[in-house]
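Encoded as structure tokens, the structure appears first; notes follow it.
The values are calculated or read from the model by the stated rules, or taken from the named source; none is laboratory data. Remember, it's a predicted structure, so these values are computed and weren't measured experimentally. Here the Cβ is made from the backbone with ideal geometry for all residues, glycine too, and neighbour counts use every protein chain on show.
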Amino acid sequence: MEPRGPGLSARFARLQGAHPAAAFAWALLAGFAVLAAGIVALGWLVTRVLLDMRVVVDADEYLPERLAAHRTPDRNALSHAGSLVGDIPVLPALVIAVVIVALVLHRARVGVFLAAAALMELSLYRIGALAAPRERPDVTRLDTHLPMDESFPSGHVAASTVVYAGIALLVASHWDRSPWIRRAAWSAAVLAVATVAVSRMYRGMHHPMDVLSGLLLGAGCLLVALVAVRAYGHARRAHEPTEETS
């Protein structure tokens, strides 16, 4: 979370001698705008270009159809549990827990980083779903309470990427001298996101392209939140001498 040398975050901090909070806000808003444009463009590419190609459609339908063809009651139950790993109340509870721990340890930026990424993902997922409606896989769907035309992008995968990869990033940065802890954190994050992705396709809720788009969206939200938090750090450092001499 600490600022590192010159870079994009430092540029936001230098905007007219930005106050730390202003540097954070400018970086977050700029990143949000870029991601919003990106998810809309990606949705247009998927629904208006790629899905006009029969070979792409067949390839994207193959995995959900194969998974659905091998359903059993036990696998259905496991896929339900796997979906819950990337849904309410698990993900919000994890974010709240990280924020509370960060406040207790006087590391507010850690909590702000994860909370900002999670809120961005929630908003951008809705933008993507509204801008590029896509029907869910043509199989029997196990989650019938969700809208039929919100297959793109996978909100479960995007949110899981933000939370689990975000926590792994925090753990890895805190224990940067313990390779086994870093490997364990990232392995757990990859396993959690993969479990959610496979479970959502098994349940007939998403295609592989929807899952990949959700992964990209989640990673983008983490990157923007990281740049914003580091911009705050750069601006705070720049203001410290002024505060001491005033």
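For a quick check of your reading of the model, give me the residue pairs whose first member lies in region 218-246 and is closer than 30 Å to Leu124 by Cα and at pLDDT below 95, whose second is small (Gly, Ala, Ser) and not in a helix (DSSP H, G or I), with beta-carbon atoms closer than 7 Å and at least 6 apart or on different chains.
Listed pairs, sorted by first residue: Ala235/Ala18.
So in region 225-239, with the set limited to residues that are out of contact with any Lys or Arg (no Cβ under 9 Å at 6 or more places or on another chain) and buried (at least 23 other Cβ atoms within 10 Å of the Cβ), which one is farthest from Ala41 (Cα to Cα)?
Ranking the qualifying residues of region 225-239, first place goes to Ala228.
Among the listed residues Asp210, Asp176, identify the single one that is touching a residue at least 60 places away in the same chain (Cβ under 8 Å), acidic (Asp, Glu) and farther than 17 Å from Ala117 by Cα.
Asp210
Got at least one residue in region 199-214 being out of contact with any strand residue (DSSP E or B) (no Cβ under 8 Å at 6 or more places or on another chain), surrounded by fewer than 16 Cβ atoms within 10 Å (Cβ to Cβ) and β-branched (Val, Ile, Thr)?
No, every residue in region 199-214 fails to be out of contact with any strand residue (DSSP E or B) (no Cβ under 8 Å at 6 or more places or on another chain), surrounded by fewer than 16 Cβ atoms within 10 Å (Cβ to Cβ) and β-branched (Val, Ile, Thr).
Can you tell me which residue is surrounded by the most Cβ atoms within 10 Å (Cβ to Cβ) among those in region 139-151 that are over 16 Å from Val196 (Cβ atoms) and of a type in the set (A, V, I, L, M, F, W, C)?
Val139
Tell me, which helices (runs of 4 or more DSSP H) lie completely within region 55-138 with 3 or more residues that are at pLDDT below 95, in contact with a Phe, Trp or Tyr (Cβ under 6 Å, 6 or more places away or on another chain) and surrounded by 13 or more Cβ atoms within 10 Å (Cβ to Cβ)?
Qualifying helices (runs of 4 or more DSSP H): none found.
Does Ala185 satisfy being surrounded by fewer than 24 Cβ atoms within 10 Å (Cβ to Cβ) and in contact (Cβ under 8 Å) with a residue 12 or more places away in the chain?
When the stated conditions are applied, Ala185 passes them.
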